[in-house]
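The values are calculated or read from the model by the stated rules, or taken from the named source; none is laboratory data. If you're wondering where the values come from, they're calculated on a predicted model, not measured in any experiment. Cβ atoms come from the backbone with ideal geometry, glycine included; neighbour counts cover every protein chain shown.
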Amino acid sequence: MVTTLSTDIGISGARVVQRCDRLGVQPYSDLERGLFRAYLMPAHAATINTVASWMSEAGMSTRIDGAGNLIGRYEGHKPNAPALLIGSHLDSVYDAGFYDRPLGVLLGIECVAALSAEGRRFSFAIEVVAFGDEEGSRFPISMICSRAMAGTLTDDDLAGTDGGGKTPEQALDLFREWVFRPMHNIDPRSAARRSEDIIAYLEPHIEQGPVLQAEDLAVGLVTGIAGQLRFDVEVTGTAAHAGTTTMHLRRDAMAGTAEMLVSIETIAREIGEDLVATAGRINAWPGSTNVIPGRVTFSLDIRSGNMERRNSAADAIEQSLRAIAKTRGLDLSWTQLQDLASSPCDKDLSALMGTAMERAGHKKRALVSGAGHDAMVMSDLCPTVMIFIRCKDGISHNPAERVRMDDTQAALDVMLEFVTLLEARA
Ligand code: GLV
Ligand code: MN
Ligand code: MN
């Protein structure tokens, strides 16, 4: 069993939590109150600059790739050895908690710091990867940065614009000036890695659900991640005077959308099992008290671990929305923005992680992730393995998100066991 180095030298799960908390406020947030860190915004650059200094302090060389991913590298016995990647993302949702994102990155840094303090190196290198976009909070698609690394980013993906009309490449052109070292290359496609250079991707993440807390467990083993579909739905009616247009002559895009949202919820509940459907963002135009809304757009996110269930739910929802639009004389545009297949974690590496959990004194509790993670994209490049860390009351994507320091220490202990077992297997 690997002994925990935390008490003597300050490397610990507690330090990971403290660092996450530090990254929860300005200048690491683009909001004055609350946390929002979108891809390639100033707070993202400030975060990279600080996290890079922690990487250097832990014994890693640092670089930023063409997609804005920060990468710290801890060499193996020999230079240029293939690497175990450990990572997660630095971006957040709007008004976020402090741990869905940097916890996995900072745990990776802590793991390397512990190894480096003991002078331990392996036949493989370790790279800690801090992805820039996972949540999709700024551009129409999510996981731009892991797609870039996995080499699956398409020209269409890069054509999407943010609310101000900028593409990711235009945003990179500004961002390059804010980070600690000049970015000579701002082509996200250049971030693609060769599979022969990578042995695996390990992602530690808070559970974002209530199971571990309910079972009084600090950590869990992720066996796979649910598949996601994202759509943009646009409902068009006629903007008209709210005082003069009688009710039966209206083409009210907002009232039609309200009926559609209830129908989405009804269909998802009827399908049941692990199927979930969410309209999380809505905009209405022209947005005046005395004008009937002429246009509404909303986002739709549909997930299930079972691809057939997920796809047939999407079909049923589309049909229902079209029927509602027809009855109300509205136009409907239904655009698919992304399709991320459900992604099982690698069986052999998960078995090794299970052994690491037992050796560190924890039960091997298997869980499926309903939340999306960079691991589901990285599985196109290399085998993936994930551990979950208990999350207070299962609350996430919310400032009330909390993680315990002793649970983070447990994750660190498991990770140190895992790299030791991986070396023994090599
Ligand atoms: C990210 O947190 C997602 O599940 O969309
Ligand atoms: Mn998230
Ligand atoms: Mn996350």
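Couple of notes before you dig in:
- Every condition in (1) within 16 Å of ligand 1 (Cβ to nearest atom); (2) closer than 19 Å to His205 by Cβ; (3) in contact with a Gly (Cβ under 9 Å, 6 or more places away or on another chain) is met by Asn69 except one, and the failing one is (1).
- Only residues that are in a loop (DSSP other than H, G, I, E, B) and surrounded by fewer than 23 Cβ atoms within 10 Å (Cβ to Cβ) were counted in region 68-93, giving 9.
- Criterion (more than 15 Å from ligand 3 (Cβ to nearest atom), surrounded by fewer than 20 Cβ atoms within 10 Å (Cβ to Cβ) and closer than 24 Å to Phe98 by Cβ) met by exactly one of Asp393, Asp380: Asp393
- Cβ-Cβ under 6 Å pairs, at least 6 apart or on other chains, region 32-51 side among the aromatic types (Phe, Trp, Tyr), far side surrounded by fewer than 21 Cβ atoms within 10 Å (Cβ to Cβ): Phe36/Asp30; Phe36/Tyr94
- Only residues that are crowded, with 23+ Cβ neighbours inside 10 Å, out of contact with any helix residue (DSSP H, G or I) (no Cβ under 6 Å at 6 or more places or on another chain) and over 26 Å from Ile11 (Cα atoms) were counted in region 39-67, giving 1.
- The set of residues from region 288-331 being in a strand (DSSP E or B) and either among the charged types (D, E, K, R) or surrounded by fewer than 19 Cβ atoms within 10 Å (Cβ to Cβ) (or both) comprises Val291, Arg295, Thr297, Ser299, Asp301, Arg303, Asp331.
- Remark: Gly256 falls outside the filter, which requires a residue to be in contact (Cβ under 8 Å) with a residue 40 or more places away in the chain and closer than 30 Å to Asp380 by Cα.
- Complete set of residues in region 27-64 that are over 21 Å from Gly164 (Cβ atoms) and assigned to a loop (DSSP other than H, G, I, E, B): Tyr28, Arg33, Ala58, Gly59, Met60
- Only one entry in Ala130, Ala96 is assigned to a loop (DSSP other than H, G, I, E, B), within 16 Å of ligand 2 (Cβ to nearest atom), buried (at least 24 other Cβ atoms within 10 Å of the Cβ) and at pLDDT 95 or above, namely Ala96.
- Residue count for region 195-215, restricted to those that are within 22 Å of Arg425 (Cβ to Cβ), away from ligand 2 (no atom under 16 Å from the Cβ) and either touching a Ser or Thr at 6+ places or on another chain (Cβ under 8 Å) or of a type outside the set (S, T, N, Q) (or both): 7
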